[in-house]
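Asker: Have a look at this one before I ask anything.
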Amino acid sequence: LLVEPIQVPTALQQALDALPPEAKWAVDCCSTTDNGLHIATSLTQGRIGSTIPCQAVTDASLLYPIGASGFILTGPGNACKVRGVNVVPGPLLPGDSYRCELAGLIGIFTLLNCICQVHNITQGEVEIACDNQATLRVFQPWFVPEPNAKSFDLVNSLHHLIKSSPLTHQATWVKGHQ
């Protein structure tokens, strides 16, 4: 019996294309000029004083009944950023910015995990910034998703992505639209 060797993606787009169908929505569109190499390097660089070299920021928008989020990963010097966007899966309720922000964080972790896979990263650090404080509780070590909570599907997905990531994270709240 011959066993096919596991093909490890060598390009970021290959890794995104290899995601299971139910996860592909998280990064609907992605742009980078260096296959995520600058981000991969900044993830493993270590702190410079108290600064984490790799930052990821998301913001979302809701024009009911459609929500969208955009996210960006940057490293020192802001060279070779990785950008992504997604459309938030429903159901969306009027004013449900919480669900939209969760979708942006899921997009960030989907990109980060794919970059780690492509560049063989087994440890590193990233600072995550978002303007919705409620979404950041998922990063607390004590947090456990509650099945009857609002947007459990996305909260649980984000929780799983965080736990399966080889990276340590510092979540930061930023005042809206900064």
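Asker: Under the √(5λ) rule applied to the eigenvalues of the Cα gyration tensor, what semi-axes describe the equivalent ellipsoid of the range 1-146? Give them in Å, descending.
Answerer: 25, 21, 15
Asker: Okay, next question. Would you please give the residues with an amide H less than 5 Å from that of I128, counting only those at least 5 places away or on a separate chain, with H modeled from the backbone geometry?
Answerer: Amide H to amide H, under 5 Å and 5 or more residues apart or across chains, I128 pairs with A56, Q170, A171, T172.
Asker: Work out from phi, with θ = phi - 60° and the Karplus expression 6.51 cos²θ - 1.76 cosθ + 1.60, the ³J(HN,Hα) of each residue of the range 78-89, listed in order in whole Hz, and give x for Gly and Pro.
Answerer: 6, 7, 6, 5, 10, 10, x, 9, 8, 9, 6, x
Asker: On the full set of protein chains, 1.4 Å probe, figure out the accessible area of H159 and give it in Å² to the nearest 10.
Answerer: 30
Asker: Under 14 Å from the Cβ of R47, count the other residues' Cβ atoms, weight Lys and Arg +1, Asp and Glu -1, and hand me the total.
Answerer: Overall, the nearby charge balance is -2.
Asker: Another one. Could you compute the longest span of the chain free of chymotrypsin sites (Phe, Trp or Tyr not before Pro) located in DSSP loops and having at most 16 other Cβ atoms within 10 Å, not counting the site residues?
Answerer: 1-141
Asker: Hey, any idea what % of the chain's accessible area is carbon plus sulfur with a 1.4 Å probe?
Answerer: About 57 percent, which is the carbon plus sulfur part of the accessible surface.
Asker: Give the accessible area for K81 in Å² (nearest 10); use a 1.4 Å probe, count only protein heavy atoms, and leave out ligands, DNA and RNA.
Answerer: 60
Asker: Let me ask something additional. Once every DSSP H run of n ≥ 4 in the chain is given -39500 (n - 2.57) and the sum is divided by its residues, what mean residue ellipticity at 222 nm do you get, rounded to the nearest 500 deg cm²/dmol?
Answerer: Value at 222 nm, helices only, nearest 500: -8500 deg cm²/dmol.
Asker: Under a Cβ-Cβ cut-off of 15 Å, what is the net charge of the residues other than G67 that fall near it, where Lys and Arg count +1 and Asp and Glu count -1?
Answerer: -4
Asker: Give or take rounding to whole Å, what are the principal axis extents of the alpha carbon atoms in the range 61-178, in descending order?
Answerer: 39, 30, 25
Asker: Karplus couplings for the range 127-133 from phi (6.51 cos²θ - 1.76 cosθ + 1.60, θ = phi - 60°), rounded to Hz, Gly and Pro as x?
Answerer: Those phi angles translate into 9, 10, 10, 7, 9, 10, 4 Hz.
Asker: Counting heavy atoms of the protein chains only and a 1.4 Å probe, report the per residue accessible area for the range 1-84 as a whole number of Å².
Answerer: With the other protein chains kept in place, the range 1-84 gives 60 Å² per residue.
Asker: Quick one: ranking T58, T41 by accessible area, 1.4 Å probe, largest first, what do you get?
Answerer: Largest to smallest exposure gives the sequence T41, T58.
Asker: Right, something else. 5 Å is the cut-off here: which amide hydrogens, built 1.01 Å from N in the peptide plane, fall below it relative to V82, excluding neighbours closer than 5 in sequence?
Answerer: The answer is L73.
Asker: Let me ask something else about it. Kirkwood hydrodynamic radius, computed over distinct alpha-carbon pairs, for the range 130-178: how many Å, to one decimal?
Answerer: Result for the range 130-178, one decimal place: 11.8 Å.
The values are calculated or read from the model by the stated rules, or taken from the named source; none is laboratory data. The shown structure was predicted, so the numbers you read here are calculated from the model rather than taken from an experiment. We place every Cβ from the backbone using ideal geometry, glycine too, and count neighbours over all the protein chains shown. All accessible areas refer to the heavy atoms of the entire protein, side chains included, with ligands and DNA or RNA removed. Shrake-Rupley method; radii C 1.70, N 1.55, O 1.52, S 1.80 Å.
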